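**Student:** Sharing a structure with you now.
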Amino acid sequence: MGGINPLRKGNALVVRTAPSNRARGFVSIGPLTVPAALGRSGTTARKREGDGATPIATMRLLYGFVRGDRLRLPPTALPFRRIRKDMLWCDDPGHPSYNRPVRIPFVPSHEVLSRTDGLYDICLVLDWNVTERRRNRGSAIFFHLIRPGYEPTAGCIAVSLRDMRRLLPHLRSGTMVTVIG
């Protein structure tokens, strides 16, 4: 059976803030819409390091990380790197590796990618301040898995594992993710 897959058309993912709660939202690609958690401070067009807000912007999806020891990915065209115990992400604006993956041992401020709580079991890297970095503009803006009850993030976009599995087959490197405030 032929035809156009409506989820592939435009290959854009849109994130909208929920009207009743700035730290909640909805992620849509084509006709598929799923609930999401956003930053504890809602969304902002003036993203700063540590502000707890999700940036209002259009960002390319670069690649993903996966905890291959915990789960298997559905088919996807998005490139993935397997998370190892020594992998970190630098969030120290004063360090030359700011907003880059780094490895243990690393003393400056950082995110641990091999988290025990499962939030980064699937973690997609958004091009927020990655390809063109500026100090204090924000780091580690990921699209990852939720905390129970859709608790707010530190500025990322988060969905359930079930919904991430539904979205992954429709994502690839270069998919545009647009956050609307």
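The values are calculated or read from the model by the stated rules, or taken from the named source; none is laboratory data. Owing to the predicted nature of the structure, the values given are computational and were not obtained by experimental measurement. Every residue, glycine as well, gets a Cβ built from its backbone with ideal geometry; the counts of neighbours run over all protein chains shown. With ligands, DNA and RNA removed, areas are computed over all heavy atoms of the protein, side chains included. Shrake-Rupley method; radii C 1.70, N 1.55, O 1.52, S 1.80 Å.
**Student:** Within segment 55-72, restricting attention to residues that are part of a loop (DSSP other than H, G, I, E, B) and under 24 Å from residue 38 (Cβ atoms), which residue is farthest from the chain's Cα centre (by Cα)?
**Tutor:** Of all residues in segment 55-72, those part of a loop (DSSP other than H, G, I, E, B) come to 56-57, 67-72.
Going one step further and asking which of them are under 24 Å from residue 38 (Cβ atoms), we end up with 56-57, 67, 71.
Working: 56: 13, 57: 13, 67: 15, 71: 18 Å.
This residue is 71.
**Student:** Continuing with this model, one more query. What number of residues in segment 140-154 are on the phi < 0 side of the Ramachandran plot and among the aromatic types (Phe, Trp, Tyr)? Break it down into steps so the answer makes sense when it comes.
**Tutor:** Initially, segment 140-154 is screened for residues on the phi < 0 side of the Ramachandran plot, giving 141-148, 151-154.
Now restrict to residues that are among the aromatic types (Phe, Trp, Tyr): 142-143.
Qualifying residue count for the region: 2.
**Student:** What number of residues within segment 73-104 satisfy the criterion of being in a loop (DSSP other than H, G, I, E, B) and either within 18 Å of the chain's Cα centre (by Cα) or surrounded by fewer than 18 Cβ atoms within 10 Å (Cβ to Cβ) (or both)? Give the derivation first.
**Tutor:** Step one: list which residues in segment 73-104 are in a loop (DSSP other than H, G, I, E, B), which gives 73-79, 83-86, 91-100, 104.
Okay, now just the ones that are also either within 18 Å of the chain's Cα centre (by Cα) or surrounded by fewer than 18 Cβ atoms within 10 Å (Cβ to Cβ) (or both), so 73-79, 83-86, 91, 94-100, 104.
Of the residues in segment 73-104, 20 are in a loop (DSSP other than H, G, I, E, B) and either within 18 Å of the chain's Cα centre (by Cα) or surrounded by fewer than 18 Cβ atoms within 10 Å (Cβ to Cβ) (or both).
**Student:** Can you name the residue in segment 42-70 that is surrounded by 17 or more Cβ atoms within 10 Å (Cβ to Cβ) and among the polar types (S, T, N, Q) and, of all such residues, is nearest to residue 122 (Cα to Cα)?
**Tutor:** 54
**Student:** Look through 175, 131, 116 and report the one residue that is among the polar types (S, T, N, Q) and more than 22 Å from residue 88 (Cβ to Cβ). Can you show your working first?
**Tutor:** On the way: 131 fails: more than 22 Å from residue 88 (Cβ to Cβ); 116 fails: more than 22 Å from residue 88 (Cβ to Cβ).
The conditions single out 175.
**Student:** Also, quick follow-up: Looking at segment 132-181 only, could you name the residues that are open to solvent by 60 Å² or more (accessible area, probe 1.4 Å), free of Cβ contacts under 8 Å to residues at least 60 places away in the same chain and more than 18 Å from residue 50 (Cα to Cα)?
**Tutor:** Within segment 132-181, 132, 148, 149, 162 meet the criteria.
**Student:** Only one of (1) in a loop (DSSP other than H, G, I, E, B); (2) in contact with a Pro (Cβ under 9 Å, 6 or more places away or on another chain) is not met by residue 116, so which one is it?
**Tutor:** Unmet for residue 116, out of (1) in a loop (DSSP other than H, G, I, E, B); (2) in contact with a Pro (Cβ under 9 Å, 6 or more places away or on another chain): (2).
**Student:** Next question. Taking the stated definitions as given, is residue 160 among the polar types (S, T, N, Q) and either within 16 Å of the chain's Cα centre (by Cα) or closer than 26 Å to residue 26 by Cβ (or both)? Talk me through it step by step, then tell me what you get.
**Tutor:** On the way: among the polar types (S, T, N, Q): yes; either within 16 Å of the chain's Cα centre (by Cα) or closer than 26 Å to residue 26 by Cβ (or both): yes.
Yes, satisfied.
**Student:** Taking residue 107, is it modelled with pLDDT of 95 or more, farther than 14 Å from residue 144 by Cβ and in contact with a Cys (Cβ under 7 Å, 6 or more places away or on another chain)?
**Tutor:** Numbers: modelled with pLDDT of 95 or more: yes; farther than 14 Å from residue 144 by Cβ: yes; in contact with a Cys (Cβ under 7 Å, 6 or more places away or on another chain): no.
Spelling it out, it is not the case that residue 107 is modelled with pLDDT of 95 or more, farther than 14 Å from residue 144 by Cβ and in contact with a Cys (Cβ under 7 Å, 6 or more places away or on another chain).
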